[in-house]
Amino acid sequence: MLSGSAILLAGLGFTTVINFGYNIAVAQCLGPTAFGHTTAVYTLLILISSVTLSFQILTAKIVAQQTTKQAQAIAYRGFHWRGWAAGILVGLLLLVFQRAVTAYLNLPGPILIELLAVGSAFYVPLGARRGYIQGVCDFRGLAQNLVLEGVFRLGGSLLMIFLGTGVRGVVAANAAAVAMAYLLAKPTLAPPSPSDPKVPVAFSEGLQAAVFFTGQVVINNCDIVVVKHFFSSDAAGIYAAVAMVGRVVFAFSWAVVSGMFPIVAETHGRREEEDHGVLGTSLLLVLGICTVFVVALALAPPAIWTLLFGDQFGAGAVRFSNLLLLYAASTGIYALSVVMIAYEMSRRIANTGWLQLAISGLVIGGIYVFHGSLAEVIWVQIVTMIFLFLCVAIPFVAAWVQRQATRERAAIPGFVKLYRRVSEDEVIAEFLKNDFQCPELQTYQEVANRLVTSPMLSDATENEVRRALLFVRHGALWRELPEGTEWFEADIQRSDLQRIRVFPRAQWRKLAVGDFGITQVARHILDDRYRGRTPEAFRAKIEDIKGHLQRDSTEDAGAVLLIGLNGSGPFTILDGNHRLLAAMLASPQTVDRLRFYCGLSNKMRECCWYETNFSTLLRYARNTVRYFAHDPEKELGRLLEGAGGL
């Protein structure tokens with residue numbers, strides 16, 4: 001999921017850069033008036049994208065839910081022909097109302113709408129094709145298709161401008177780019193069969209997608225259309241350039257939403273507290289992106305916009321830089337609202353989607369009433385976006401307050417028995433016993449075998465070598481533990497297992513399905529419904545450890561390292577995930593043979609292994625940079641050489 005998201009985000013970023021270059025090139029070559037015409041037509045295409053994106057998200061979701069290639073093909077074919085029907089309908093509506101639309105937008109002729117109608121016919125079924133690509137997790141193919149559409153748009157527009165076709169050529173290039181993207185997105189499908197069953201689609205999910213994207217597209221683009229109607233062509237062109245910068249801000253913010261959505265939507269069983277952490281991190285990232293853009297725009301010299309867009313954009317009474325600043329602020333506020341709306345969508349049918357749609361109508365009405373200047377148009381959007389943000393934020397704030405109030409009451413009562421305080425050196429020695437056979441330490445297995453298998457904890461030199469040996473593989477992990485963490489050997493009873501959660505990484509995320517409690521994970525690995533969530537190699541490893549524990553029923557089963565705030569938990573497993581799970585699957589008596597060490601600190605929430613959020617990840621990033629040049633193997637070699645006789 002993470003690698004796929006990274007590919008998609010890279011593709012989206014590259015596409016945004018291409019589209020930014022397209023807008024600058026067209027603005028430079030055609031000037032404000034012609035740029036306003038092309039942007040108005042392109043904005044209509046973006047408005048139509050609410051239909052396209054609805055088809056894409058529905059196709060992706062339904063295709064992903066199918067377990068066979070045949071079922072995926074059936075689902076896609078159903079959406080594809082419906083996409084063509086919707087695309088042709090949109091194109092016909094544009095042709096029927098082409099003169100009315102031309103007059104409303106003050107366009108030079110209806111030919112621009114006719115070209116848009118052709119592009120629209122391809123644009124809607126393109127959503128179905130991209131949805132299939134996304135649904136089968138071909139993230140690279142989806143990213144490439146997005147980039148290729150941008151490349152065709154930019155290259156075709158420059159060619160048409162060079163040939164002297166002006167606005168018509170640029171609009172034709174946009175339509176051709178959509179058609180080329182559609183042709184290149186052709187999926188490879190399983191052949192149809194007469195016995196193929198039908199794949200049902202929930203009406204409520206389709207309606208939710210349509211409402212969400214309609215509201216989003218209208219809010220992001222209606223102002224350009226209305227400004228084109230009320231203002232002169234020159235002013236509309238300048239506003240289009242301002243709005244284009246705002247689209248860049250939203251595109252980067254949407255990248256964060258794209259990363260958040262699959263994480264939260266991954267399961268309906270995820271604990272609310274964990275989802276709120278994902279939401280908070282996403283909000284902070286979007287806030288950071290928008291803040292950087294606003295600060296950059298505030299510091300940018302006005303001359304840079306003349307350089308980018310041409311002399312005509314820097315002339316007149318319009319304060320271009322101030323308009324950019326206002327528009328970026330408006331977009332930033334809206335982006336924060338979208339994070340929360342998308343969060344609710346990923347968990348359930350989102351009522352906030354309807355609220356967003358209603359606010360989009362309020363934006364249009366507000367601009368119709370207040371349009372004395374371009375700045376006034378943007379202020380209308382700022383006010384309405386603040387209102388939208390407050391409306392969607394209040395339920396989350398109320399839920400957070402309630403969660404904080406009930407947090408202590410929800411905690412498991414009682415404490416685990418901490419019967420012996422131990423040194424960090426002893427814990428490191430136990431960690432190495434469990435980890436010494438890993439490939440990364442193969443070079444040192446002969447020379448350091450005695451230090452690990454028969455440690456002398458009273459020898460300071462040995463302790464120093466063992467610490468350096470641990471840091472060869474786990475330095476980044478151990479450095480995140482708060483300074484002053486106290487270690488205890490604990491008596492973990494079977495009833496205490498509900499206090500323990502696995503480390504939320506890799507295959508454990510898929511098996512946990514949102515609840516990282518070790519007891520929940522143990523139930524899931526025995527449930528055939530979750531078999532497809534984890535690789536067979538992972539299950540084979542658990543079975544191998546389980547078999548070893550059952551064969552050697554009299555020997556020590558090893559140690560499990562836990563971290564927490566205090567003796568009541570919850571505890572996160574720092575080392576021993578596989579061992580504890582295998583012991584639980586073997587028998588209750590096998591769990592009793594494990595030894596448990598607890599690292600406790602009232603600052604443990606600062607550790608990303610215990611609680612993952614923006615603050616702890618930032619701390620981890622700082623430590624990574626701080627120790628980037630540190631070579632743990634060189635340090636270990638020096639210690640081993642100095643220790644000589646060990």
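General observations
- Members of Lys417/Lys541; Lys433/Lys541; Lys417/Lys546 lying beyond 21 Å, as alpha-carbon distances in this model show: Lys417/Lys541; Lys417/Lys546
- Label zone at Ala85, where the point sits 7 Å out along the Cα-to-Cβ direction: region 42-56 residues whose backbone N lies under 19 Å: 51-56
- Sorting Met456, Met340, Met180 on solvent-accessible area from highest to lowest, probe radius 1.4 Å, gives Met456, Met180, Met340.
- Distance between the 7 Å Cα→Cβ label points at Asp631 and Thr68: 5.8 nm.
- Across Ser495, Ser253, the residue with the most accessible area heads the list, and the full order at a 1.4 Å probe is Ser495, Ser253.
- Debye intensity ratio in log₁₀ form over the Cα atoms of region 462-519, taken at each q of 0.17, 0.18, 0.29 Å⁻¹: -0.88, -0.94, -1.06
- Placing R0 at 41 angstrom, the Cβ-Cβ distance between Asn351 and Ala190 gives a FRET efficiency of 0.60 after rounding to 0.05.
- Based on alpha carbons, the Rg and Dmax found for region 547-646 are 18.4, 46 Å.
- Applying 1/(1 + (r/R0)^6) with R0 = 22 Å to the Cβ-Cβ distance of Arg539 and Arg505 gives a FRET efficiency near 0.85.
- Lysines whose Cα lies under 17 Å from that of Lys186, excluding same-chain neighbours fewer than 8 positions away: Lys69
- Spin-label pair Ile394-Ser495: with each label point 7 Å from Cα along the Cα-Cβ axis, the two points sit 4.5 nm from one another.
- Probe 1.4 Å - accessible area at Lys603, Å² to nearest ten: 110 Å²
- Packing rank of 605-617, 234-246, 289-301, 131-143, where each peptide gets the mean count of other beta carbons within 10 Å, highest leading: 234-246, 131-143, 605-617, 289-301
- If R0 is 45 Å, the Cβ-Cβ spacing of Leu299 and Asn602 corresponds to a FRET efficiency of close to 0.65.
- Loop-resident chymotrypsin sites (Phe, Trp or Tyr not before Pro) (DSSP state other than H, G, I, E or B) in region 326-378 with no more than 13 further Cβ atoms inside 10 Å of their Cβ: Phe370.
The values are calculated or read from the model by the stated rules, or taken from the named source; none is laboratory data. Because the structure is predicted, anything quoted here is derived from the model rather than measured. Note: ideal-geometry Cβ built from the backbone for every residue, glycine included; neighbour counts use all protein chains shown. When the accessible area is computed, the model is the full protein with side chains, heavy atoms only, and any ligands, DNA or RNA have been set aside. Shrake-Rupley method; radii C 1.70, N 1.55, O 1.52, S 1.80 Å.
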